[in-house]
Amino acid sequence: MIDNSAAFETAGYGRYPVSHLPLRIETGPESLRLVWDDGRESEFHYLWLRDNCPCASCVSTLTREQLFEICDVSLSIQPSEARLDDDYLTIQWLGDGHSSRFHPGWLRTHCYSEQARAERQWQPEIWDKAAIEVCLPKYDYADMMQDDAVLLRWLRKLRDCGISLLQNTDTRPGTLQQVAERISFIRETNFGTLFDVRSKPDANTAAYTTLRLPLHTDLPTRELQPGLQFLHCLENDASGGESILVDGFRIAEHMREEYPDDFAALSRLPMDFYNKDRNSDYRFRGPALVLDGQGTVIEVRFANFLRGPLDVPADQVVRHYRAYSTFIRLTREPRFQFEYRLVPGDLLVFDNRRVLHARRAFDLQQGQRHLQGCYVDRDELLSRIRVLERSL
Ligand code: OGA
Ligand code: ZN
Ligand code: ZN
C-alpha cells in the first residue's frame, strides 16, 4: 500500500496524494490504458511514459531536470512487460531493457484524458459591480504577514478573482516592499521599485497629477505588462480620488456576446502604446484583447493616455475606432464598475493584466493624497502558490 509520505519520491518537488489506485492495465499498440478503482480510465502513450520515466538516469537527482531525450528511442517504442507492482505502474522496455516505475498519484495527477484536462483547466471568477460588492476578498495585513495559511488563501483569491483588499496595513512608507516580498521579487521599472503616487510638479505620467485617470492597465507599453499591481494608501484627505475597478474579462465576455465584430477587431488589430521620458522611450505594439489558442481572453492591454498613433491598414482604421469606442463605453457602464475610496492602511492588489483601474480627479485643498505602488509578475504569484501548496 502506498504511503503518502513517500509522495515526493517521483521526479520534481510536487506532492501527489494517492486518492485512487489503478486496478488493471490494458495494453494496446501505441498506448496502455490504466483502469482506476473509481472506474476512470487513463490512456498513456508509450512515448509519453518513456519520456516521463523518473529514474535517476532519466532525471537528475540533483537538479530534478530531465536528462533523457526522446529521440534516443524509437518512435514506436513498446514495453516487453507492463504490470502493477505495489500499485506502481512498472514497465520494462523492449530494445534497451530500460525499466520505469510510475507512482500512482503522479499518474493520476498527469492523466490527459479529456475529462481530466477539463478538470485541470483554471477558471477565473469573473465579476461585475453587483458581484464584487458582495464578495470582494478582504484580508488582514497582520494575519497575512504572520500566517502562511492566510497568505495562501489571499494569493489563491487574487489569482482567481484578480482583485483583493488587504486592510489595516502599516502606513509607514516602505511597508509595501515587505508585503510584496511575502510573495516574491518586485518587478522594478523606470518608475522605481516602489513608486510614490502623488501630485508632483515634474510629473512624467498622468498618475502623478491630480487629474482623472480613465480605466487602464499599467505599462501596456511593455512586452510583458506587470502581473500584480499594488496600491497602498498612506494618506487620503484630498477630496475626490476614488478608485474604480473593472474586470476586463467581464467586459471582453460582454463584447464577445453583444458586439462580436468589435471583439474580433480588438483581438486582432494591433495598437501602439508609448511612454516617452527624458531617458527612456518604451513602446509596444499588440492587441487590446489577447486570446489563447482556444480563443479564451487571457489578457487585457489598455490605456488611452499611453497610445501612439494608430498604425493599421487604411481600410481597418474606422473598424478599429468603432471597436475601441465600444470598449471604452462599456468600461464606463456603472454595472461593471466597482467604486471604492481607499483609506489609509488599505492595500489594493489586483491583476494588472486583467483588471482595469481608474481614479477620479482629486483636489488637494482639503488635504494630501499619497499612495505607494509596485508590481510583482504573475509568474511569481503562481510559483508562490505552488510552493505554499506543497506544505499546507
Ligand atoms: C497608477 C494609478 C491610481 C490612483 O499609479 O497607475 O493608476 O488612485 N493610480 O492614484
Ligand atoms: Zn529512466
Ligand atoms: Zn495605473
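Each reported figure results from applying straightforward, stated rules to the coordinates on display, with no laboratory input. Everything numeric in this text was worked out from a predicted model, so none of it was measured. Methodologically, a virtual Cβ is constructed for each residue, glycine included, from the backbone with ideal geometry; neighbour enumeration extends over all protein chains shown.
Mind listing the phi-derived Karplus ³J(HN,Hα) values for region 159-164, rounded to whole Hz, using 6.51, -1.76 and 1.60 with θ = phi - 60°, and x for any glycine or proline?
4, 7, 8, x, 7, 6
Pairs of alpha-carbon atoms within less than 8 angstrom and 6+ residues apart define the contacts here; what relative contact order does the chain have, in percent? Write down the numbers at each step before the final one.
Working: 729 pairs, mean separation 81.8, N = 392.
So the answer I get is 21 percent.
By how many degrees, 0 to 90 and rounded to 10, does the Cα axis of helix 378-391 deviate from the longest principal axis of the chain?
Value to nearest ten degrees: 50.
Once you place label points 7 Å from the Cα toward the Cβ at residue 203 and residue 321, how far apart are they in nm?
With each label placed 7 Å out from Cα toward Cβ, I get 2.7 nm.
Hey, which lysines would be in cross-link range of residue 129, C-alpha to C-alpha under 30 Å, not counting anything within fewer than 8 residues on its own chain?
Straight-distance partners of residue 129: 138, 157.
222 nm [θ] for the chain, helices only, -39500 (n - 2.57) per DSSP H run of 4+, per residue, to 500?
Working: 11 runs with 104 residues, N = 392.
Per the formula, -7500 deg cm²/dmol.
Once the Cα atoms of region 285-360 are picked out, what are the Rg and Dmax in Å?
15.2, 51
Taking R0 as 51 Å, what FRET efficiency do you get between residue 38 and residue 138 from their Cβ-Cβ distance, rounded to the nearest 0.05?
On the way: r = 38 Å, r/R0 = 0.74.
About 0.85, to the nearest 0.05.
Lysines within cross-link reach of residue 200: Cα-Cα under 27 Å, excluding same-chain residues under 8 positions apart?
In chain and number order, the partners are 276.
In degrees from 0 to 90, rounded to the nearest 10, what is the angle of the helix 317-331 Cα long axis to the longest principal axis of the chain?
It works out to around 90 degrees.
What Kirkwood hydrodynamic radius do you get for region 212-258 when you take the inverse of the mean 1/r over all pairs of distinct Cα atoms, in Å?
In region 212-258 this quantity evaluates to 13.6 Å.
Hey, what do the phi angles of region 138-148 turn into as Karplus ³J(HN,Hα) couplings, whole Hz, using 6.51/-1.76/1.60 and θ = phi - 60°, x for Gly and Pro?
10, 9, 8, 3, 5, 4, 5, 5, 8, 10, 5
Over the alpha-carbon set of the chain, work out the extent along each principal axis and list the three values in angstrom, largest first.
On the principal axes, the chain reaches 81, 56, 43 Å in Cα extent.
For the pair residue 312/residue 51, report the inter-label distance in nm, with labels modelled 7 Å from Cα in the Cβ direction.
Taking the two extended label points, one gets 3.7 nm.
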